[in-house]
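Beneath this line is the structure, given in structure tokens, with notes to follow.
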Amino acid sequence: MKYLLMVLGKQSDYDAMSGKRTDGPAWTPSDLKAMFEHMGAINNDLAEAGELVDAQGLAEPSQAKLVTADQDGRPVVTDGPYGESKEVLAGYWVIDVENPDRATEIAARAYACPLPEGAPNYPVIVHPIQGPGGCEM
């Protein structure tokens, strides 16, 4: 069964990681190293187990674009999502595992990522993927 594991974040989290002043704790180089090592170990273990389909961290939300259409159906492209938006997708794994318990086990490991004291720890979303090789309804 395939699952999408989604890691959330906010623009302020990316700012704190890059050394910009935020209302939360600043990330040190050792904090970043610990996070990247934790995520890398998950990727390596999933790859070794044959469970990894894809995994990516996403660029900061300020680099995202929103695409809608005007009343004539022409695309309208704007910057976004905006700083006041709630959490957005910061990264993901697509995994192919035997059962839902294994998917939640991996998500729990991702959630346990080391963070600076006081940094927000968002839930990891486990979403079944429908279709060939995905979950049945």
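The values are calculated or read from the model by the stated rules, or taken from the named source; none is laboratory data. Computed from a predicted model, the values in this text were never measured in an experiment. Here the Cβ is made from the backbone with ideal geometry for all residues, glycine too, and neighbour counts use every protein chain on show.
When region 69-112 is examined, which residues are found to be hydrophobic (A, V, I, L, M, F, W, C), surrounded by 17 or more Cβ atoms within 10 Å (Cβ to Cβ) and part of a loop (DSSP other than H, G, I, E, B)?
Val97
Determine whether region 37-48 contains at least one residue that is without any contact (Cβ under 8 Å) to a residue 60 or more places away in the chain, touching a strand residue (DSSP E or B) at 6+ places or on another chain (Cβ under 6 Å), of a type outside the set (Asp, Glu) and within 18 Å of Ala112 (Cα to Cα). Outline the logic, then answer.
Of the residues in region 37-48, the ones without any contact (Cβ under 8 Å) to a residue 60 or more places away in the chain are 37, 40-41, 43-45, 47-48.
With touching a strand residue (DSSP E or B) at 6+ places or on another chain (Cβ under 6 Å) added as a condition, the list becomes 43.
Next cut, of a type outside the set (Asp, Glu) only: 43.
When the remaining residues are screened for being within 18 Å of Ala112 (Cα to Cα), the result is 43.
Looking through region 37-48, at least one residue is without any contact (Cβ under 8 Å) to a residue 60 or more places away in the chain, touching a strand residue (DSSP E or B) at 6+ places or on another chain (Cβ under 6 Å), of a type outside the set (Asp, Glu) and within 18 Å of Ala112 (Cα to Cα).
Cβ-Cβ distance below 6 Å, separation of 6 or more or different chains: which pairs start in region 74-85 with a residue that is at pLDDT below 75 and end on one that is surrounded by 11 or more Cβ atoms within 10 Å (Cβ to Cβ) and in a strand (DSSP E or B)?
So the pair list comes out as Gly80/Leu66; Pro81/Val88.
Kindly establish whether Leu66 is out of contact with any Leu (no Cβ under 7 Å at 6 or more places or on another chain), part of a strand (DSSP E or B) and buried (at least 16 other Cβ atoms within 10 Å of the Cβ). Before you say what the answer is, go through the steps one by one.
Numbers: out of contact with any Leu (no Cβ under 7 Å at 6 or more places or on another chain): yes; part of a strand (DSSP E or B): yes; buried (at least 16 other Cβ atoms within 10 Å of the Cβ): no.
No: the conditions fail for Leu66.
Could you say whether any residue in region 49-60 is surrounded by 14 or more Cβ atoms within 10 Å (Cβ to Cβ) and either in a helix (DSSP H, G or I) or among the aromatic types (Phe, Trp, Tyr) (or both)? Lay out the reasoning, then the answer.
Of all residues in region 49-60, those surrounded by 14 or more Cβ atoms within 10 Å (Cβ to Cβ) come to 51-53, 55, 58, 60.
When the remaining residues are screened for being either in a helix (DSSP H, G or I) or among the aromatic types (Phe, Trp, Tyr) (or both), the result is none.
For region 49-60, residues surrounded by 14 or more Cβ atoms within 10 Å (Cβ to Cβ) and either in a helix (DSSP H, G or I) or among the aromatic types (Phe, Trp, Tyr) (or both): absent.
Could you list, in sequence order, all residues of region 8-26 that are touching a residue at least 24 places away in the same chain (Cβ under 8 Å) and more than 18 Å from Val88 (Cβ to Cβ)?
Pro25, Ala26
Out of everything in region 1-22 that is surrounded by 19 or more Cβ atoms within 10 Å (Cβ to Cβ) and small (Gly, Ala, Ser), what residue ends up being farthest from Pro120 (Cα to Cα)?
Ala16
From Pro29, Pro25, grab the single residue that is more than 19 Å from the chain's Cα centre (by Cα), surrounded by 13 or more Cβ atoms within 10 Å (Cβ to Cβ) and not aromatic (Phe, Trp, Tyr).
Values: Pro29 fails: surrounded by 13 or more Cβ atoms within 10 Å (Cβ to Cβ).
Answer to the selection: Pro25.
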